[in-house]
There are 2 protein chains.
Amino acid sequence: MTATDTDTQLNDLRGILGPEYVKTGADAAPWSHDWPGHAHWTPLAVVRPANTREVAKVVQWANRTGTAIVPVSGNTGLVEGSTAEGAVMVSLDRMSAIREVRPEARVAIVEAGAILSNIHAAADAHDLIFPLTFGARGSAMIGGALSTNAGGSNVVRYGNTRHLCLGVEAVLPTGEIIDLMSELHKDNSGYDLRDLLIGAEGTLGIITAAVLKLHPKPMAYATAMVAAPSLNDALTLLNTLQRETGGAVEAFEFMPRIFMEAYLERYPEARAPFDQMHEVNILVEVGALSPRDATPGDDGRVPVTGHLEDVLGRLFEEGAILDAAVAQSDTQRQEMWARRETSAEVARLRQPLIDNDIAVPLDQIQTLLEQIVRKSQAIDPDLIPMCVAHLGDGNLHFAGWPSTDDPDTLKQIKEMVDDTAIALGGSFSAEHGVGLTKKPAMARHKNPVALQAMRAIKQALDPKGIMNPGKVLPEG
Amino acid sequence: MTATDTDTQLNDLRGILGPEYVKTGADAAPWSHDWPGHAHWTPLAVVRPANTREVAKVVQWANRTGTAIVPVSGNTGLVEGSTAEGAVMVSLDRMSAIREVRPEARVAIVEAGAILSNIHAAADAHDLIFPLTFGARGSAMIGGALSTNAGGSNVVRYGNTRHLCLGVEAVLPTGEIIDLMSELHKDNSGYDLRDLLIGAEGTLGIITAAVLKLHPKPMAYATAMVAAPSLNDALTLLNTLQRETGGAVEAFEFMPRIFMEAYLERYPEARAPFDQMHEVNILVEVGALSPRDATPGDDGRVPVTGHLEDVLGRLFEEGAILDAAVAQSDTQRQEMWARRETSAEVARLRQPLIDNDIAVPLDQIQTLLEQIVRKSQAIDPDLIPMCVAHLGDGNLHFAGWPSTDDPDTLKQIKEMVDDTAIALGGSFSAEHGVGLTKKPAMARHKNPVALQAMRAIKQALDPKGIMNPGKVLPEG
């Protein structure tokens, strides 16, 4: 690309959006690296359209000129899905409106740049929730959450982002606007393009708006830390709690002793969950959705909390759990969540870091973890394994601190983790997506017929290959 | 097609499957018309493969020879999605195995020809349910339910078929087998091909097996008939019951007076729901998922039933409902369901019949129905409007008995119904799919960019156009 070519391109973009919304050089720096700081790139420009029409104009121009486009919203991704060397990044950050909350219909109509925590607040004003939540909610935008089908901590109850979305609007690689903004719970009118765009990581189009499903806000929460003898015992605990509460478990998160120790080292003012350290620590939260469960009884106890205390008390008597502490205040609840939500920061305390995002069927988690620890220490005997997990949905973030930064050893460990998950019926990518970092795993593990079908769909919808090129699909 | 060509084709198929599994002529008669009896066709042959490998061989042959293929399972569809003039019908009926039920993982692994009620029984043996249910469950097969993303009566609680499926296996139009038999709740490894195949009505491939999500079986049900002053009052009732029960409403079905009268005429031995006839009759069912809600108390009442009685009693006192009867036995519960489940038969008591399958946002249902009745009687003043609805999910089956069989008048009424739903943010196809009968509505109402993207995907995956040709997608 010559300087003149670049000038022409930038002038075109300035003509479409106005010069103040075309950022280059130092102005583009915030968009020039990923959140973990692993990847750095120099985009041709970062453009900030004001609305879907402007996004469409930019994509039409890119399609005409064969320019690579990389959509970006909160830039909190973990798989290098927004690297953009020489590409035009389309930032959705100005399209942040929460257009409408319709409480009777339990929907929110939002633009792609709406920040997750702002959507939470908008729903909360109507005693509703948008259940999707994870650590980066203060900067993550819904467009990115949709494009990666983000998961998080409440999937056990409410499903992934895909399950929380009724309709989308997007700009296809041709620059055409596709309007699938349905609010319907039943709509069988042709192929499911909505779910194809969700999770496509911006390779099939740019999601610009969405109809989100809201849920009733639990009238009370019962939250507890529980120490279990083993991961399998923790799963029995999950099934018991689901049965006793009628499926009201909102979160079921696993933190090992080694994580607790690292957490306390990083945050010396924080408290340990129990007087004694345990190997298997579970954060469990139960939501009360009915007044019967949330209205304090004659003894002053909120039924949902009292019930959780009773069940955990019984399990303690039976020796099924080693310890338990039920939050008695919102402050105690926040303290329990604070531990879990720092996991990404805690894992990054040491480098190099092996981090993974794998899933297996629920009944395979203990086997998976045992195998991974054994096999990784067979490769690097001094590796420190640290693993947190969304245990309720089978998603495990195995983080390991190896004693070496030898690339071959690190690669060997990473591949072993993926291989082990796959062998147990799992996936090498649970909730973070593929981006660039999981492409080798896609090539190794994804069903070849599926890969071929994905490539055919990509080719059909983006024949010029301009939308987030090089991401998700390994070369054929 | 000359006789010799046909002979060659049949011989090829007999060679692949064995002669006894290639049916022609009178032997193929059961597959030569649809359930409502509207459509009749003569297939080249009906083939009955024993397994996925045989399906693949048949499709490979069809792809090589350019032969049209029409998959069929229970043949209970309502939109002429399996018409097959001169085509090879691939019946999945021999692939009916329920391979495995894994109660801890809450999954069932089934072949496409498994009959829905057999899946229900297999889940029930483990105190689990597969929630998808509708009138035709005794002959409908899961392959067809997946291919049409079937809905039914429990969508308000559990979602459509798509929400109840974790993984699929299918034979693509090339004859390749695509293995997406994931059991995972989080699996972001590329495009969502599963949901693309689900609801594609056999135009992108033949679903051959699936991993189904099972849910805990409610430990008790509280079921009631309620008479409401209006449809909007019924919606208020729904919201009240959802709030009071913590979202445990399993079904919320609307039957108008005119349907009740037709039902009693058709089944003279049946009972009316109330002493007096009401305009708005609701069948509501609440599931008790926890022992606390299902274990009889000191007064002998099952809490879920007692609670429903209390809430309905209070609403009756307030004048919010006109009457209510809570089932006191399983026999009474079955009697309530029997009314609703005969609706397809009752609608077909008179001909001609205008039947529709439309959906609107919940808060638009009363407006929709009022407008449709008014506008249809403006076209045909003697039209008898009869409408049942899955009110809890916004899906309305408007059935009308017009006084004329003039095709233009019938077409005018049908289009008016679709237009009215669309104008209220609805869909012309809620749960039955598109098939042939809704193709004109697809052409009229579906977003043109979406139609174009669907055609591009069809072309990419089925370049020879052999899979269920002519269905779903209107000509470009």
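Between residue B:257 and residue B:65, full extension at 0.36 nm per residue minus the direct alpha carbon distance yields a gain of 63.7 nm. Beta bridges from DSSP with both residues in chain B: antiparallel share about 90 percent, rounded to the nearest 5. Once Rg and the Kirkwood radius are both taken over the C-alpha atoms of region A:69-216, their ratio Rg/Rh works out to 0.94. What separates the Cα centres of region B:230-286 and region A:33-78 is a distance of 52 Å.
Placing a label point 7 Å from the Cα of residue B:415 along the Cα-to-Cβ line, the residues of region B:340-362 whose backbone N sits under 18 Å from it are B:354-357. Estimated at 0.36 nm per residue, the fully extended path between residue B:50 and residue B:125 surpasses their Cα-Cα distance by 24.4 nm. For region A:192-260, the alpha carbon convex hull comes to 202 Å³ per residue, rounded to a whole number. Largest first, the extents of the alpha carbon coordinates of chain A on the three principal axes equal 75, 56, 45 Å. Peptide A:286-294 has a mean shielding of 4, counted as Cβ atoms of other protein chains within 10 Å of each residue's Cβ.
Were the residues from residue A:301 through residue A:29 laid out at 0.36 nm apart, the gain over their Cα-Cα distance would be 92.6 nm.
In this simple spin-label model, placing a label point 7 Å from the Cα along the Cα-to-Cβ direction at both residue A:377 and residue A:325 gives a separation of 2.8 nm. Among the GluC sites (Glu not before Pro) in region B:64-153, those located in a DSSP loop and surrounded by at most 16 other Cβ atoms within 10 Å of their own Cβ are B:85, B:104. Projected onto planes of every orientation and averaged, the convex hull of the alpha-carbon atoms in region A:71-146 covers 5.2 nm². Counting neighbouring Cβ atoms within 10 Å and putting the fewest first, the residues B:254, B:316 line up as B:316, B:254. Around the amide H of residue A:324, modelled in the peptide plane, lie the amide H atoms of A:227, all under 5 Å away and 5 or more residues distant in sequence or on another chain. Here region A:234-340 yields Rg over Rh of 0.97, to two decimals, using C-alpha coordinates and the Kirkwood radius. Just need log10 I(q)/I(0) for region A:3-91 at q = 0.11 Å⁻¹, Debye formula, equal scatterers on the alpha-carbon atoms, no solvent, rounded to two decimals. Listed by q, the Debye log ratios stand at -0.27.
What the phi angles of region A:235-244 give under the Karplus curve with 6.51, -1.76 and 1.60, with θ = phi - 60°, is a coupling list of 5, 4, 4, 4, 5, 4, 5, 4, 5, 5 Hz, glycine and proline written as x. What FRET efficiency, computed as 1/(1 + (r/R0)^6) with R0 = 30 Å and r the Cβ-Cβ distance, is obtained for residue B:269 and residue B:318, rounded to the nearest 0.05? Efficiency computed from Cβ-Cβ geometry: 0.25. Couplings for region B:126-143, taken from phi via the Karplus curve 6.51 cos²θ - 1.76 cosθ + 1.60 with θ = phi - 60°, read 10, 6, 10, 10, 9, x, 4, 8, 7, x, 7, 4, x, 10, 5, 10, 5, x Hz in order; Gly and Pro are left as x. Spacing of the modelled spin labels on residue B:99 and residue B:85, each 7 Å from Cα toward Cβ, amounts to 3.8 nm. The calculated FRET efficiency for residue A:384 paired with residue B:335, based on their beta-carbon distance and R0 = 51 Å, is about 0.20. Note on region B:183-304: dipole from Cβ charges, positive end direction compared against B:222, B:198, B:242; the farthest Cα belongs to B:198. On the principal axes of its alpha-carbon atoms, the protein assembly as shown has extents of 79, 75, 60 Å, going from largest to smallest.
Where a number appears in this text, it was derived from the coordinates with a stated rule and is not lab data. Model, not experiment: these values are computed from the prediction. Note that each Cβ is placed from the backbone with ideal geometry, even for glycine, and that neighbours are counted across all protein chains shown.
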